[in-house]
Every structure is written in C-alpha cells, then in structure tokens.
Amino acid sequence: MVLMNDFRAEPASLRHAMLEAVARVLDSGWYVLGQELQRFEQEWATQCGTSHAIGVGNGMDAVEIALRALDIGPGDEVITTSMTAFATVLAIIRSGATPILADIDPTTGLLSIDSMRRCISTRTKAVVLVHLYGQIRAMDEWQRICDRHGLMLIEDCAQAHLSEWDGRKAGSFGIMGAYSFYPTKNLGAVGDAGMIVTNIAQLAEKASRLRNYGQSVRYLHSELGLNSRLDEVHAAILSVRLKLLPAYTARRRTIAQAYMNRIHNGAVKLLASPQEPNSHVYHLFVVTCVDRDALGAHLWSHGVQTFIHYPVPVHLQEPCVNLMHDPYGLRMSEQHAASCISLPCHPQMDDGEVETVIEAVNSFRVG
Ligand SMILES: *Cc1c(COP(=O)(O)O)cnc(C)c1O
C-alpha cells in the first residue's frame, strides 16, 4: 500500500540520530525551556530569515499566541479562510476575536483576495493567511492590501515549511508567522510542537511570556498567558530532522513534478502550478474530481491510500455555522471540499510507488 505518510520507512541513520538527541536531553536532566529549545529557535529563525523564533506547544497555540501578542481579542475581527485546518479558526476564537470566513480561489484553494475584501469591516484588525497545501502566492499583493486597509498580516505556515516567494521564506512576510511541527507536517516532531516567527523584538518577548503563563521573571506574572512550551526532547529531535528538510522538500517537489507531468485523466483536475519554482513545498498534493469518492475507492483498490483536506469547510462545522462570512457566500470552498482529494506525496516514497499512484489515477474512469 502506498501510504499518505510512512515514518517507519525513514532511514535507520535518522532514527539513530534522534535516539542520540533524546539521550542527550535525558543526560542533561533539563526538560523544559532549556538549551535545546534555544538552539532550535535560533536555527529556525535563521531558516526563516526572521530575527526571532519562539517555540510553543503546537501550531494552534502559535496562531493564538501570535494574535494575543498583537493585542487582538474581544471586539476585533480577524479574516481567514473557511478551507483550512479547523485549528486556524479555533485559535482565532480562543484569542477572543471574531473570525470572519472568506472564500477561496478555486484554482489553488487559497484565500481569495476579492472575498477577503468583502469581509473587511471597521472592526477588522488582521488577516490570518493560510499557506494551504504548502503554497505561497502573491505575497506582495497581500502585503499591499493589508497595508492599505491598516490590517495586520499573520501567516499560518503550518503546511508551508520554508516555502519561498521572491527569495523570502514563509512567515517572514507578515508581522508574525505561525508554524506547526505536528508529526505529519513537512518538518515534524514525534509529538506536538509549534513555533512563532517575527522580526519585532517586543512581540517576540510578549509571545515568550504568553507561552509561559504570562510570566515575565520567575514567579512574576505581568499578564494571563497559557502553558504552551516546546519541550527539550522535541526541540532536540526537530534539530536533527531539520537537517533533512531540504532533501525531503526536494523529494516532495520531484514527486509533485512527476504527477504534474504524467497525470492525464479528463476526470481529474490538478490545481494551478506554483508561480515560482520554490513557492510550493507540497505538504499535500491535492487534485479535484467530479466523483471524488469513486476516485478514492479506485485508488484504494489499486493500493493507494488517499485523504481529504478538507471534507467539511469550517463554516459548515457544527460549532461554526453561525460565524460571519463573505456576504456573497462561500461557494468555492463548498465545491472544493466536495471534490478535493490528496494523493500520497511524502519523502519516503520510492519511484515505483510514484508510478503506482500515476497509473492508478490515469486508469480511473467515472462510473
Ligand atoms: C496542522 C495545522 C494547524 C494546527 O497545528 P497543530 O500543531 O496540529 O496544532 C493549523 N493550521 C494549519 C493550516 C494546519 O495545517
């Protein structure tokens, strides 16, 4: 079976290096907020080209803490997409702010600028831009429109590790960027972890207080924060895995290129190609199909696992049906949710497995 992720197929040398990293932490006797985290924060800031990186418990907390560091909360509106991981919207709600859901551009699945414009009100404070599936696009345009309307741009980079636009990395365009290192992300821990990046020292300081109960110096609490720290074990493991990220990203791109060159099936549509060679890191390779469920069943019977990202857009999730959204509706998100399907695209796939996926997709016929 060609799996969507296959951690057990990772090289023995990687496993060995991770075990060594864990042993180093155990030997140090220091498990939370120590040298391993400091080192990994520095490494990640360098990778992103930002001056600060603050390790947190997970990607959802990264978004919430970024919003709270920016003093966004009750009474404020934050525009984001309905076609995202539920965590994006839940983080906005947890910050106390009101999410306003905008529609997507159907050719990419990314937040539509036109729809976002229709969502702006006098209370709008920020846009949480989700680099869905690993794509970043039109960042100059996003910066311009946010500037023009006095909105803060926050990037949800949970799927776009080091995706590049015009030579700059995801997370370095907005006032703050939020990363997740959930195991299945392009860079993943062996549990939950996340990171905030920013160029503004005061925001970095506030975020690092917020992740630690709002503590400024030991046992002094200048504000009400949360407990959301990136543990030493995960930081040490992430440092090891970071060394492989460039090669793993290159492998994802090679697989994606093979799909783009060789998937030919009138019933299966590819999303738009990336605008720049490095502006997509293929966290997910998503196609759309008029009969998505039949395609999934066909692929399964040909030994290919698939997932759906996402079958239900946020505005149709039960606790979110009353959220405000684009007054024109969210039809593109609904259509995309009903037709999208993700093909396996991970660094452990070998050429034979890539071939299996291509042949299985090409042999699909609508019933
Ligand atoms: C995974 C993900 C998150 C949440 O990250 P966690 O680490 O699971 O909390 C947020 N936004 C997007 C777009 C994601 O893909």
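Give me the extension gain from ARG262 to ALA247: residue separation times 0.36 nm, minus the current Cα-Cα distance, reported in nm with one decimal.
Working: separation 15, 0.36 × 15 = 5.40 nm, distance 2.26 nm.
Going from the current span to full extension adds 3.1 nm.
Net charge in the neighbourhood of CYS146 (other residues with Cβ under 13 Å of its Cβ; Lys, Arg +1, Asp, Glu -1) is 0.
A simple count of charges around ARG251, restricted to other residues whose Cβ falls under 13 Å of its Cβ and scoring Lys, Arg +1 and Asp, Glu -1, yields -3.
For a quick check of your reading of the filter: which trypsin sites (Lys or Arg not before Pro) in region 95-139 sit in a DSSP loop and have no more than 15 other Cβ atoms within 10 Å? Let's see the in-between values first.
Details: sites: ARG117, ARG118, ARG123, LYS125, ARG137; in loops: ARG123, ARG137.
Answer in residue order: ARG123.
Packing around the peptides 257-263, 208-214, 342-348, taken as the average count of other Cβ atoms within 10 Å per residue, puts them in this order, highest first: 342-348, 208-214, 257-263.
So for the chain: antiparallel DSSP bridges make up what percent, rounded to the nearest 5?
On the way: 25 of 44 bridges.
Antiparallel bridges: around 55 percent, rounded to the nearest 5.
Please compute the contact order of region 16-169 in relative form: average sequence separation of alpha-carbon pairs under 8 Å and at least six residues apart, divided by the residue count, as a percent. Once divided by the residue count of region 16-169, the mean separation gives 19 percent.
Taking 0.36 nm per residue of separation and subtracting the current Cα-Cα distance, fully stretching the chain between TYR328 and SER28 would add 102.3 nm.
Here the spin labels are modelled as points 7 Å beyond Cα on the Cα-Cβ line, and at ARG148 and VAL312 they lie 3.7 nm apart.
If R0 is 35 Å, what FRET efficiency do you get for ASN227 and VAL366 from their C-beta distance, rounded to 0.05?
My answer for the efficiency is 0.10.
Straight-distance candidates among the aspartates and glutamates for linking to LYS206, with alpha-carbon spacing under 15 Å and chain neighbours fewer than 8 residues away dropped: ASP61, GLU64, ASP71, GLU223. Partner aspartates and glutamates whose Cα lies under 13 Å from the Cα of LYS243, excluding those fewer than 8 positions away in the same chain, are identified as GLU43.
Where in the chain are the helices, taken as whole DSSP H runs, whose Cα atoms extend 27 angstrom or more along the long axis and whose Kyte-Doolittle mean reaches at least -0.5? Show your work: numbers first, answer last.
Numbers: long enough: none.
Counting only whole DSSP H runs, no helix qualifies.
Near GLN215, within a Cβ-to-Cβ distance under 14 Å, what is the net charge of the other residues, with Lys and Arg +1 and Asp and Glu -1? Residues near GLN215 contribute +3 overall.
Every read-out reported here was derived from the displayed coordinates using simple, explicitly stated rules and does not represent laboratory data. Please read these numbers as outputs of a predicted model, since none were measured by experiment. We place every Cβ from the backbone using ideal geometry, glycine too, and count neighbours over all the protein chains shown.
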